Structure formats: C-alpha cells, structure tokens
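Handing you this structure, nothing more for now.
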Amino acid sequence: MSKQPVYEARGISKNYGNVIALDNVDFSVAAGEVVGLVGDNGAGKSTLVKALSGAHKPDAGALYLDGQPVEWNSPHDALERGIETLYQDSSLAPDLSVSANVFLGREEVVPGFWGKLGFLANKSMDARARQELEKVGIAVPSSSRSVAKLSGGQRQAVAIGRAVTWATKVIILDEPTNHLGARQSAEVLHVIKQAREKGLAVIFISHTLPHVLEVTDRIVVMRLGRVAVDAPTSTFTPDSLVKAITGFEVVAS
Ligand SMILES: Nc1ncnc2c1ncn2[C@@H]1O[C@H](COP(=O)(O)OP(=O)(O)O)[C@@H](O)[C@H]1O
Ligand SMILES: [Mg+2]
C-alpha cells in the first residue's frame, strides 16, 4: 500500500474457548481512505472491530496509531485518541434529544456559577449539534427533538453524525445500513463520503455488497477468522467479491 496507515493491527488473534475467532489478522486503514470489511457470518468482523475499538483485548498481536504502538484497556481509551465506533446495534438514548445524544458523555455546562452547579448549555449544544450534523449533510427536524420521534434512518444518521463529529482519526461502522431503506442507506453512504472528505480513516462493515463496492477504496475479505483477500475496490467485480467471501466460484445461471 502506498499510503501510510493511520491505524494498523498486526498479527491479531482471538479465541473464544475452542473457537478461533481471529487468526493472525493484519489490517490497516489510512487517512481519507474507506476500507470495506466483509465476510460471512462468523468470519470474525465484529471481533476485529472490538479489538480495534478497545472493547476487548486480543490474545495476541499489536495495534499502531500513527505508527506508534497503542494499547487499549477500555473503549474510552480509544475514544480519547480519536477512534469512534458505531456498533451493530447502535446505542442512542431514545428519551434524550438529538443534541443530548450527540453530546452524550461530553456535555457542556453553562459558564460561571450555574455551570459549576451542573446546569447544561442546552441552547449552545442544540446549535452545535445542528451545525455538525448539517456539515455531513444530515438534516434533522429539530436537534431538541427526542430521538424516539425520529425514523430509523434518521436515528442511524444521528448516530453516525455523532461519530463523525467526535472522531479525529478513525471511524468504525459495523453494519450501519442494516434495516435501512434505499433512500436512507444512500444518506448513510453520503455521510461516509463526507467523513472521507474530512480526512478520517473509515472502516465500513456491511453485507450489502453494492454499498461496499460504491463507497470503499479498498476491501478486506475475511473468511474463518483470517484475511482471505485485501485489495483495491477497483480490482473487484460483484461476482469476484462474492467468490472471495464464500471461497467458491460463482456459477453463471
Ligand atoms: N462472545 C463470544 N463468545 C463466544 N464465541 C463468540 C463470541 N463472539 C463471537 N464468537 C464467535 O467468534 C467467531 C467470529 O464471530 P464474529 O466476530 O461475530 O463474526 P462476524 O462479525 O464476522 O459475523 C464466530 O464463530 C462466533 O460464533
Ligand atoms: Mg458481526
């Protein structure tokens, strides 16, 4: 690869009891690059994501951020270094407003005395949340509206918008277009392209191969806990991608 990776995993292995979930996996992503991570159910994608996001420690292997070795003891450690992860089951708080969700765990308080008492700067957070979401092309009816009132697509867009807002280096999206309609998926893909424009490194996990072929620069195919293929997206056809995932020739019908 010509580009210097911003985030890299070398020789990652992880077992769950007798199950070898990851077996000596190398993975990297560069700034301004979208890498697709694909593979059948059980191939090890989510386990790799958990190692990259600090959700669990691999049994073997090492992580490098900007070429320096890093070690995560919790997801918080990775967040602090600019690595944002959107898990398969996104974690918005439905009763809170859009802006409260965007600022969840990073709330701003009003200046001065009231701030010391913990009064939140809701107006300023509403305005900033709207601004940040608009930057990546996400329009929400109102950033003070509760998330429960949004459609599934809007909710997913807010979750991704939050990740793009706070990520300074890497954004990891585990199946973000699952359960979304065509138009909503298109919006999510648009946000991914915006994240790339912003210079973020994006890891995109999806079973929807047309989405992967549309939005990624490179595709890493996992099979049974190993990297089977790692190649530029331009070298794949829809058929060859299916073949790489299953390990079988696509039979013409
Ligand atoms: N918490 C767990 N406990 C036991 N086995 C697990 C656990 N998580 C994943 N596995 C196993 O590890 C393998 C890889 O799973 P996973 O990373 O979820 O794959 P993918 O995301 O590609 O579908 C599978 O065989 C799965 O059953
Ligand atoms: Mg998974």
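The values are calculated or read from the model by the stated rules, or taken from the named source; none is laboratory data. Fair warning: this is a prediction, and the values are worked out from it, not measured in the lab. Heads up, the Cβs are rebuilt from the backbone with ideal geometry, glycines too, and the neighbour counts pull from every protein chain shown. When the accessible area is computed, the model is the full protein with side chains, heavy atoms only, and any ligands, DNA or RNA have been set aside. Shrake-Rupley method; radii C 1.70, N 1.55, O 1.52, S 1.80 Å.
Residues in region 215-223: is at least one in contact (Cβ under 8 Å) with a residue 12 or more places away in the chain and surrounded by fewer than 17 Cβ atoms within 10 Å (Cβ to Cβ)?
No, every residue in region 215-223 fails to be in contact (Cβ under 8 Å) with a residue 12 or more places away in the chain and surrounded by fewer than 17 Cβ atoms within 10 Å (Cβ to Cβ).
What strands (runs of 3 or more DSSP E) completely inside region 11-73 contain at least 1 residues that are within 16 Å of ligand 2 (Cβ to nearest atom) and buried (at least 21 other Cβ atoms within 10 Å of the Cβ)?
Here the list reads 19-30, 34-38.
Right, something else. Checking Ser206 against (1) surrounded by fewer than 21 Cβ atoms within 10 Å (Cβ to Cβ); (2) of a type in the set (Ser, Thr, Tyr); (3) in contact with a helix residue (DSSP H, G or I) (Cβ under 6 Å, 6 or more places away or on another chain), which single condition isn't satisfied?
The single condition Ser206 does not satisfy is (1).
Could you tell me whether any residue of region 165-180 is open to solvent by less than 60 Å² (accessible area, probe 1.4 Å), farther than 30 Å from Lys243 by Cβ and among the β-branched types (Val, Ile, Thr)?
The answer is yes, given that some residue of region 165-180 is open to solvent by less than 60 Å² (accessible area, probe 1.4 Å), farther than 30 Å from Lys243 by Cβ and among the β-branched types (Val, Ile, Thr).
For every residue, the table says whether it meets (1) in a loop (DSSP other than H, G, I, E, B); (2) within 16 Å of ligand 2 (Cβ to nearest atom); (3) at pLDDT 90 or above.
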residue: Lys123; (1), (2), (3): no, no, no
residue: Glu134; (1), (2), (3): no, no, no
residue: Val158; (1), (2), (3): no, no, no
residue: Thr165; (1), (2), (3): no, no, no
residue: Leu180; (1), (2), (3): yes, no, no
residue: Ala186; (1), (2), (3): no, no, no
residue: Lys193; (1), (2), (3): no, no, yes
residue: Gly199; (1), (2), (3): yes, no, yes
residue: Glu214; (1), (2), (3): no, no, yes
